[in-house]
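Worksheet: one structure, shown below.
Nothing in this text is a laboratory measurement; each read-out follows from the coordinates by a stated rule. All values reported here derive from a predicted model rather than from experimental measurement. Ideal geometry is used to build each Cβ from the backbone, glycine not excepted, and the neighbour counts take in all protein chains shown.
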Amino acid sequence: MKKIKIFDTTLRDGEQSPGCSMNSREKLEMAKQLEKLGVDVMEAGFAASSPGDFNSVKEIAETIKDSSVASLARAIPADIERAGEAVKNAAAPRIHTFIATSPIHMKYKLLMEPDAVIEAAVNAVKQARNLVPDVEFSAEDATRSDVDFLARIVDAVIKAGATTINLPDTVGYTTPEEFYKFLTDVREKCPALDDAVLSVHCHNDLGLGVANSLTAVRAGAGQIECTINGIGERAGNAALEEIVMALRTRKDIYKAETNINTTEIMRSSKMLTRITGVKVQPNKAIVGENAFAHEAGIHQDGMLKNKQTYEIISPESIGITEKNLVLGKHSGRAALKARIEELGYNISDEELNVAFKKFKDIADKKKKVYDSDIEAIVTKETVEIPKTYELVRFVSNSGNTITTTTAVCLRKNGEEIERIGTGDGPIDAAFDAMGMIVGRQLNVEDYKLQSITEGKDALGDATVILSDPEFEGKKKPRVQGRGLSTDVIEASLTAYVNAVNKLIYEENQNKTEAAKAQK
Ligand code: KIV
Ligand code: ZN
């Protein structure tokens, strides 16, 4: 069996996709989960893009021990310097430098002649090799590049010290047949490639990201770049979970394996959804809600007789456990801690205190607390984000013959502030009141409400995404808050307050980082 390295770029390419931005604490939490999942390399960010990104890559590099940590860098000296500085304390640091090689990118984007592109790439790789032993070079838009030119640049960067050569399908343009031929041609024209790891990075614009990545394995690739849930620029990147499970399920074809601990797949997917608020489609392969749901009677009958009639992978293999232990209001802290750990979460004493308080509140209102309720309350944001505002109480007066009003009282620095908002329904009115309290009407970019379990006493899970319309900087913060309660209005208000606290926290962080960068 050939070993395929999994290079995860959820925290870089994935984070670039709309709605998927994460703050540094969220990135660190995700990075720890990626380490548990067993990725060989994680691209922690693009250190030169902002002081915030630099600090986040550095923090991840200093924390992660079992995966290589990479920073992206353009093929320019300042970027390489910054990337090297950010990853230098990693257990296994990598600099990933790139430059575009297709005629259209060189002519219109870079305004560079092909020979100058080769020179910049070689210089970047040499500079990076002086900083770290592990250097990856990417030929951006490789699949639309001239193969002879690609062979020249690849040969030159390998001689300059690149250890991994990545040939991305940047715009998701190629097809499996064409990609196989393309990779075989580059390998033939550049024998030096046999001494480096050949990597691919496939975008999903035509829905072929995973198929193209799998073809690359047959064409000799030793590394695949991908993201959890397939998030990434535009239509996204190839999905890690799909590639890993395809290689595992069809060993007969690919004769390859990965270091991924597949039982961590579901947890990684759910964590990303919780952090970004971006849900996966129900019919998404491997991690979608319906991926293991058998609806047709004929299928259910077959499944009862022999699971393999309709199941090619088991839910357990990706970490879905059938055990659903029920806790109730008499369950104590130790029982909750044990169940949280059995579900695969590491929890500090401080986090357990917060989770236990939430658990008691829920258990008071609901008779039975299920695993999915517990997973919902194991969230770290309550502990880590300073609570500038706290929800004290609310009263709503709603009907289809009156103007709906909601009175909301929030606490800030020990002082209670109360306002009455109006709107189209109690939640709209409550958001109006909260805007008055906070002193600015924020954009509600998205609002979702769903139930965690079934039944009329189910826990409501609200997500609110806020941004500030007045923000004038480059990277507009777009924050996500979450609220849980058996009362859907309370869940929505809590989500809004959590998002406001996050926004204030991020604004303060940005100011501190900008001040530090100016010094
Ligand atoms: O899509 C792409 O080409 C990239 C490179 C920077 C690897 O993301
Ligand atoms: Zn990409």
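One table, with the values for the structure above:
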quantity: Stokes-Einstein diffusion coefficient of the stretch 361-427, Kirkwood radius over Cα pairs, 10 °C, 1.306 mPa s, in µm²/s; calculated: 107
quantity: Those aspartates and glutamates that a straight Cα-Cα span of less than 16 Å connects to LYS305, excepting residues fewer than 8 apart in one chain; calculated: GLU295
quantity: Cα-Cα over 20 Å, subset of LYS329/LYS412; LYS27/LYS476; LYS448/LYS502; LYS307/LYS368; LYS32/LYS270; LYS270/LYS367; calculated: LYS329/LYS412; LYS307/LYS368; LYS270/LYS367
quantity: Rg/Rg_globular for the stretch 397-519, with Rg_globular taken as 2.2 N^0.38 Å and Rg from C-alpha atoms; calculated: 1.18
quantity: Sequence ranges 19-26, 222-229, 477-484, 105-112, ranked by mean other-Cβ count within 10 angstrom, highest first; calculated: 222-229, 477-484, 19-26, 105-112
quantity: Virtual spin-label span in nm between ASP364 and ALA78, 7 Å along Cα→Cβ; calculated: 5.6
quantity: Pairwise centroid distance, computed over Cα atoms, of the stretch 3-62 with the stretch 287-351, Å; calculated: 28
quantity: For the stretch 1-49, the spread of Cα positions along each principal axis, largest first, Å; calculated: 38, 21, 18
quantity: Tail beyond 19 Å, pair distance distribution of the stretch 1-147 (Cα, percent); calculated: 52
quantity: Whichever lysines have a C-alpha closer than 21 Å to that of LYS3, once near sequence neighbours (fewer than 8 apart) are set aside; calculated: LYS36, LYS65, LYS251, LYS255
quantity: Per-pair calculated FRET efficiency, R0 = 25 Å: GLU119 and LYS516 via Cβ, rounded to 0.05; calculated: 0.15
quantity: Sites ILE312 and LYS476, calculated FRET efficiency, Cβ-Cβ separation with R0 56 Å, nearest 0.05; calculated: 0.85
quantity: Among beta bridges that DSSP assigns inside the chain, antiparallel share in %, nearest 5; calculated: 50
quantity: The stretch 282-370 - Rg and Dmax from Cα coordinates, angstrom; calculated: 17.3, 49
quantity: Inter-part distance where the stretch 63-103 and the stretch 146-163 are each reduced to a Cα centre, Å; calculated: 18
quantity: Computed helical MRE - 222 nm, the chain, DSSP H runs ≥ 4 contributing -39500 (n - 2.57), nearest 500; calculated: -12500 deg cm²/dmol
quantity: Inter-part distance where the stretch 264-280 and the stretch 416-471 are each reduced to a Cα centre, Å; calculated: 22
quantity: Loop-located trypsin sites (Lys or Arg not before Pro) in the stretch 186-274, at most 13 other Cβ atoms within 10 Å (DSSP); calculated: ARG234, ARG250, LYS255
quantity: Loop-located GluC sites (Glu not before Pro) in the stretch 430-494, at most 12 other Cβ atoms within 10 Å (DSSP); calculated: GLU454, GLU470, GLU472
quantity: On Cα atoms only, tilt of 488-518 relative to the major axis of the chain in degrees; calculated: 50
quantity: ASN353-LYS279 pseudo-label distance in nm [points 7 Å out on the Cα-to-Cβ vector]; calculated: 3.4
quantity: Length-normalised contact order for the chain - Cα pairs under 8 Å, 6+ apart - percent; calculated: 10
quantity: Rotationally averaged projected area of the chain (alpha carbon convex hull; nm²); calculated: 27.5
quantity: Acute angle (nearest 10 degrees) that the helix 114-131 long axis makes with the longest principal axis of the chain, alpha-carbon atoms; calculated: 70
